[in-house]
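FYI, it's all coordinate maths here, none of it is from the lab. Bear in mind that the values here come from a model prediction, so they are computed numbers and not experimental data. Ideal geometry is used to build each Cβ from the backbone, glycine not excepted, and the neighbour counts take in all protein chains shown.
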């Protein structure tokens, strides 16, 4: 297996069924390097990143897909975003609660933001499973998407996912979808995490005809910038920014995704809201 993070497509020529496999190493480690969460939260974040990459790769669009989990359990919030070029970023917050469950009373939302055309779409469903893969499958079933099965695994330094999807069209073999899903369900976490894709597919579907296509690179990339942070501060308003300046001497904003810090002093803040100042009237000046 290559050290680079990759997503690979495959299909079954005899059946209207396609599949994807993703494995993340550096991308997941980069996301984890900006936080200090317990192992269950780290694993969930990794699985969410794998799932988001897989779902994004099933879409024919230019834009961004966001997967978000929030609720009343120990997980405060989890957000993963992936664009059409398979640039990923993810973050999570964790609030320990005595006797609480990680995903207690949580909700899953998927948001699609097309870049070129089309309307922003968001769907939200309650998480009815303590595991992420069944929750995503339930969401897709509720939103009347193509029948989809998903398997996720997280380990030390890596996370991975496998997706099967039934495409439109009449199947010559009526049992193919159920059979292939049963075979895929036998996958072990260590196989999903460690095996090269050709070997993994051979182990799972050795009696099936499979086509494996070229892989695509997946990477961590954050879209934060000083300009975007400035826009957020402008949204807060001059009064609130001035209050922060009075208390702390500067405004510091740290990106939750990549950990980069942006600093704004009094001069920076004045420039942010310069357009809000009333114009000086052009009166007569005596010398």
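Taking 7 Å steps out from each Cα toward its Cβ at residue 189 and residue 232 produces label points 3.3 nm apart.
Could you line up 150, 32 from fewest to most neighbouring Cβ atoms inside 10 Å?
In order of increasing Cβ crowding within 10 Å: 32, 150.
With respect to the chain, whose longest principal axis is taken over its alpha-carbon atoms, helix 226-236 is tilted by about 70°. Once you've got the GNM for the chain with C-alpha springs shorter than 10 Å, pick whichever of 235, 70, 157 has the biggest mean-square fluctuation. Answer for the Gaussian network model of the chain: 235. Taking the 0 to 90 degree range and rounding to the nearest ten, how far is the long axis of helix 132-142 tilted relative to the main principal axis of the chain, both from C-alpha atoms? For 132-142 against the chain, the angle is about 90 degrees.
Across segment 6-220, C-alpha contacts under 8 Å between residues 6 or more apart give a mean separation that, scaled by the residue count, equals a relative contact order of 29 percent. Under the criterion of Cα pairs below 8 Å and six or more residues apart, the relative contact order for segment 31-106 equals 31 percent.
Within the listed set 242, 74, 208, the Gaussian network model of the chain (springs between alpha-carbon atoms below 10 Å) gives the highest mean-square fluctuation for 242.
Taking the Cβ of each residue in 10, 257 as the centre, tally the other Cβ atoms inside 10 Å and list the residues starting with the fewest. Numbers along the way, then the final one.
Numbers: 10 19, 257 22.
With the fewest neighbours first, 10, 257 line up as 10, 257.
Residues 36, 5, arranged from fewest to most other Cβ atoms within 10 angstrom of their Cβ, appear as 36, 5. Between 140, 200, 236, the GNM of the chain built on Cα springs shorter than 10 angstrom shows 236 fluctuating the most.
Can you give the angle from 0 to 90° between the axis of helix 39-57 and the longest principal axis of the chain, with both taken from C-alpha atoms, to the nearest 10? Tilt relative to the chain: about 80 degrees.
Of all DSSP beta bridges in the chain, what percent run antiparallel (nearest 5)? Close to 95 percent.
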